[in-house]
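Participant: One structure is given below, represented as structure tokens, and several questions about it will come after.
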């Protein structure tokens, strides 16, 4: 059973960013399914490996766009990225130290759900408003 989140709610009309966000959503759903089926040990590791790659590529692409359009809150946006990278490292250490516990699976899922809502859904809306042709994104899609 996947976490329902319509893909249109994570799209902002920038292909590179949208691609990363949809990959993130798929990863979150796969992790959630594994947790429910109690096959979390392999999936937590796979999710953390994915998140390392996701964060490197996605954050690089986003930050180029932020600089290109002189995003006024770029420092805060970068701090959010850095916090997720730190959390991923912490989760990997917990996995190595304690194994794939139910508590770790829950913590990873909770952090990723918070990232989905706080960063992808809200922070990216702010970013989209500054990009020409994207300013009315939320109204076209009826999300805000």
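Participant: Inside the stretch 92-144, counting only helices (runs of 4 or more DSSP H) that do not spill past its ends, which hold 2 or more residues that are out of contact with any helix residue (DSSP H, G or I) (no Cβ under 7 Å at 6 or more places or on another chain) and either modelled with pLDDT of 80 or more or closer than 17 Å to residue 46 by Cα (or both)?
Facilitator: Values: elements: 102-115, 124-129, 137-141.
Those helices (runs of 4 or more DSSP H) span 102-115.
Participant: Now a separate question. Out of all the residues in the stretch 62-73, which are in a helix (DSSP H, G or I), touching a helix residue (DSSP H, G or I) at 6+ places or on another chain (Cβ under 8 Å) and surrounded by fewer than 16 Cβ atoms within 10 Å (Cβ to Cβ)?
Facilitator: The answer is 63, 67.
Participant: While we're looking at this one, here's another question. Within the group 46, 82, 100, 56, which residue is touching a residue at least 60 places away in the same chain (Cβ under 8 Å) and out of contact with any strand residue (DSSP E or B) (no Cβ under 6 Å at 6 or more places or on another chain)?
Facilitator: On the way: 46 fails: touching a residue at least 60 places away in the same chain (Cβ under 8 Å); 82 fails: touching a residue at least 60 places away in the same chain (Cβ under 8 Å); 56 fails: touching a residue at least 60 places away in the same chain (Cβ under 8 Å).
The conditions single out 100.
Participant: Determine the pairs where a residue that is surrounded by fewer than 18 Cβ atoms within 10 Å (Cβ to Cβ), located within the stretch 112-130, has a partner that is in a helix (DSSP H, G or I) with Cβ atoms under 6 Å apart, the partner being 6 or more residues away or on another chain.
Facilitator: Listed by first residue and then by second, the contacts come to 125/138.
Participant: Another question about this same structure. Could you tell me which of the residues 2, 56 is surrounded by fewer than 18 Cβ atoms within 10 Å (Cβ to Cβ) and either modelled with pLDDT of 80 or more or in a helix (DSSP H, G or I) (or both)? Reasoning before the result, please.
Facilitator: Working: 2 fails: either modelled with pLDDT of 80 or more or in a helix (DSSP H, G or I) (or both).
Exactly one residue qualifies, and that residue is 56.
Participant: Of all residues being in contact with a helix residue (DSSP H, G or I) (Cβ under 8 Å, 6 or more places away or on another chain) and modelled with pLDDT of 70 or more in the stretch 34-45, which is surrounded by the most Cβ atoms within 10 Å (Cβ to Cβ)? Just the residue, please. Let's see the steps before the verdict.
Facilitator: Going residue by residue through the stretch 34-45, those that are in contact with a helix residue (DSSP H, G or I) (Cβ under 8 Å, 6 or more places away or on another chain) are 34-35, 40, 42-45.
Keeping just the survivors that are modelled with pLDDT of 70 or more gives 34, 42-45.
Numbers: 34: 20, 42: 10, 43: 21, 44: 25, 45: 14.
Once the filter is applied, the top-ranked residue is 44.
Participant: Please work out if residue 31 is assigned to a helix (DSSP H, G or I) and either at pLDDT 85 or above or within 24 Å of residue 130 (Cα to Cα) (or both).
Facilitator: No, not satisfied.
The values are calculated or read from the model by the stated rules, or taken from the named source; none is laboratory data. Everything quoted here is computed from the prediction, not taken from an experiment. Here Cβ is always computed from backbone atoms with ideal geometry, including for glycine, and neighbour counts include all displayed protein chains.
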